[in-house]
Amino acid sequence: MRTWLPLVIVVLLVSAGLWFSESPPQQLLGKKPTPQQQKRAADLVINDAKTRHFNQEGTLAYRVDAERITFFKFERRDRADLTEPRIVFYQQDEPKWHTESRSGVAHNNGERVVLRGDVEITEMPAPGGLKLNTQSITIKPREEFAETDKVVTITAGPNSTTGKGLRAFLKEDRVEILSDVKSSYETE
């Protein structure tokens, strides 16, 4: 029994040394993150986030919900990465426009939000209103304005319009397709 004990100790020490050398914990090595690594670290992560934004009169203007918001603060700007964001715009205390996408990035405290991946904007009430689909769109929530240079499809019931580029003035319920417009209408 005594002859195996030193061999087992040596094998354990060699194994531990190899393990630490292949993946050394930064704290044990006394290394601190570089300033660049420190700046890339998230300042705040919120799961199942729900935010509300009000206009000058104090009524609900829009709300933003997301599965996760990861907030980064930099010297000159800030950024929030959004996972599965949903934005609902209100008019006269009623939901008017609903947006959703796979991901998004909010810049400068939500001044500009870029939504990406299966973006869908629906006019409320959902059945009967317009539905816009695109892969990427930039929204300025405080101005209730959205724009993209990507292909957009707008449907209203059985009718559809496709084009490249879009400007949507959500407050005015006005949408402009910029080029390559093709429409399909069904008559009753």
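Just so it is clear, none of the values below were taken in a lab; they were calculated from the coordinates. Everything numeric here is computed off the predicted structure, so don't read it as measured data. Positions of Cβ are generated from backbone atoms using ideal geometry, with glycine treated the same way; all protein chains shown enter the neighbour counts.
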Sorted by chain and then number, the residues having a modelled amide H within less than 5 Å of the amide H of Leu130, at least 5 places away or on another chain, are Glu123
For segment 61-182, one quarter of the surface area of the C-alpha convex hull, expressed in nm², comes to 7.5 nm²
Mean Cβ-within-10 Å packing, highest first, puts peptides 111-119, 131-139 in the order 131-139, 111-119
Filtering chymotrypsin sites (Phe, Trp or Tyr not before Pro) in segment 115-188 by DSSP loop and by at most 16 other Cβ atoms within 10 Å leaves Tyr185
Other residues with Cβ under 11 Å from the Cβ of Arg112 give, with Lys and Arg +1 and Asp and Glu -1, a net charge of +1
The extension gain from Ser15 to Glu147, computed as 0.36 nm times the residue separation minus the Cα-Cα distance, is 41.7 nm
